[in-house]
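Before any comments, here is the structure.
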Amino acid sequence: MTDRVKGLYVALDGDYRDDDVQEIINAIKMIKGVQDVTNSVVDGDDWMNRSRIGLEFQRKILDALKDLK
């Protein structure tokens with residue numbers, strides 16, 4: 001028996017202005033089976049999470065470079 005999918009998440013490649021993203025939303029709504037599309041506004045938590053991810057990534061790269069010595 002196969003699983004049923006109730007929804008999908010779509011992540012954009014960057015932050016876009018609200019009025020610029022409207023064309024993307026309209027295009028997604030044209031896809032068969034799409035009932036609704038809502039946007040998620042950038043906030044301070046997003047900036048903090050991206051900063052932490054970047055710092056962790058830098059640490060892992062530095063650790064890998066140290067291991068090469």
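Listing for the model above:
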| read-out | value |
| --- | --- |
| Number of the exception - ILE53 against (1) open to solvent by less than 100 Å² (accessible area, probe 1.4 Å); (2) at pLDDT 90 or above; (3) not in a loop (DSSP other than H, G, I, E, B) | (1) |
| Qualifying residue in region 6-19 (condition: open to solvent by less than 90 Å² (accessible area, probe 1.4 Å), of a type in the set (Val, Ile, Thr) and without any contact (Cβ under 8 Å) to a residue 24 or more places away in the chain) | no |
| Criterion violated by THR38 - all others in (1) open to solvent by less than 100 Å² (accessible area, probe 1.4 Å); (2) part of a loop (DSSP other than H, G, I, E, B); (3) among the polar types (S, T, N, Q) satisfied | (1) |
| Top-ranked residue in region 35-54 [being of a type in the set (A, V, I, L, M, F, W, C) and over 14 Å from the mean Cα position of the chain (by Cα); ranked as farthest from VAL5 (Cα to Cα)] | MET48 |
| Residue under evaluation ALA27, criteria (1) loosely packed, with under 10 Cβ neighbours inside 10 Å; (2) without any contact (Cβ under 8 Å) to a residue 12 or more places away in the chain; (3) hydrophobic (A, V, I, L, M, F, W, C), criterion not met | (1) |
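The values are calculated or read from the model by the stated rules, or taken from the named source; none is laboratory data. Since the model is a prediction, treat every value here as computed from it, not as a measurement. All Cβ positions, glycine included, derive from the backbone under ideal geometry; neighbour counts span all protein chains shown. Areas reflect the complete protein model, heavy atoms only, side chains present, ligands, DNA and RNA absent. Shrake-Rupley method; radii C 1.70, N 1.55, O 1.52, S 1.80 Å.
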